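This report concerns only the one structure given below.
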């Protein structure tokens, strides 16, 4: 009996130590993600989910390598503020309750929120907004099907939330400027995303206005920070809200899978324009 008891406590101790050592090893290269870019006033506690996490408790190993901390997440689960599916070893953020530091108001799976997130946009006919509602309906009704199939192609816009708090835009389709100007449709402007952060449980997405220089470099001007509420985070779904409107996103696993049809149409139009130009020579 004593031998079984000793073996039990030995195994339990080994599991705890192994979890802590693995988490500490993983935490070291990630520390700069939280300390170097932490926003002023951000109370989020960053670390790794450790052994002992369940529906009522989150065990977090802080990024500074200090001892694991347990947080009660019963109310957070009840309020829908455990964002993402927390697994052992995941990089997470915890917003602790102001009255009880061992109770979490919000938990975010930061590893799960990273990735390529897209939504669908449709083009509008050029000068569409300047037309009356009646003229808009008539024009859309009279457009030949061949034009619709060529030009009214949905595109995928979005952003890629990457490591080290960096981000990039998703959805750019290369077009010749002359073809773009001659096209009967226009697409919404694609945002130029540069970074992302967490601020007290909210997602902050950074964007700017790019200026393309003659030496192929880009100068960033007019930086903007948009703060969003993370309404929902699933394996393949993300819903963000600015407090007034919400937008749903879906995950793309590969950047090359974005806008496959749109890029095919754009390439086809380029070839047709080149062929027409050569025939006119």
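The values are calculated or read from the model by the stated rules, or taken from the named source; none is laboratory data. Please read these numbers as outputs of a predicted model, since none were measured by experiment. A quick note on method: Cβ atoms are made from the backbone with ideal geometry, for glycine too, and the neighbour counts reach across all protein chains shown.
A few points about this structure:
- Filter result for residue 104 (touching a strand residue (DSSP E or B) at 6+ places or on another chain (Cβ under 6 Å), assigned to a helix (DSSP H, G or I), touching a residue at least 24 places away in the same chain (Cβ under 8 Å) and more than 30 Å from residue 140 (Cβ to Cβ)): no
For (1) crowded, with 17+ Cβ neighbours inside 10 Å; (2) modelled with pLDDT of 85 or more, each residue gets a yes or a no:
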residue: 9; (1), (2): no, no
residue: 17; (1), (2): no, no
residue: 28; (1), (2): no, no
residue: 45; (1), (2): yes, yes
residue: 55; (1), (2): no, yes
residue: 72; (1), (2): no, yes
residue: 77; (1), (2): no, yes
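- Qualifying positions in the range 68-89 - within 15 Å of residue 202 (Cα to Cα) and either in the same structural domain as residue 240 (by TED's automatic domain parsing) or part of a strand (DSSP E or B) (or both): 82, 83
- Residues of the range 192-216 satisfying the condition of being outside any strand (DSSP E or B), in contact with a strand residue (DSSP E or B) (Cβ under 8 Å, 6 or more places away or on another chain) and surrounded by fewer than 19 Cβ atoms within 10 Å (Cβ to Cβ): 200, 213
- Qualifying residue in the range 130-141 (condition: assigned to a loop (DSSP other than H, G, I, E, B), in the same structural domain as residue 200 (by TED's automatic domain parsing) and surrounded by fewer than 20 Cβ atoms within 10 Å (Cβ to Cβ)): yes
- Answer residue from the range 235-269, given it is at pLDDT below 90, over 14 Å from the mean Cα position of the chain (by Cα) and over 17 Å from residue 149 (Cβ atoms) and is surrounded by the fewest Cβ atoms within 10 Å (Cβ to Cβ) among those: 256
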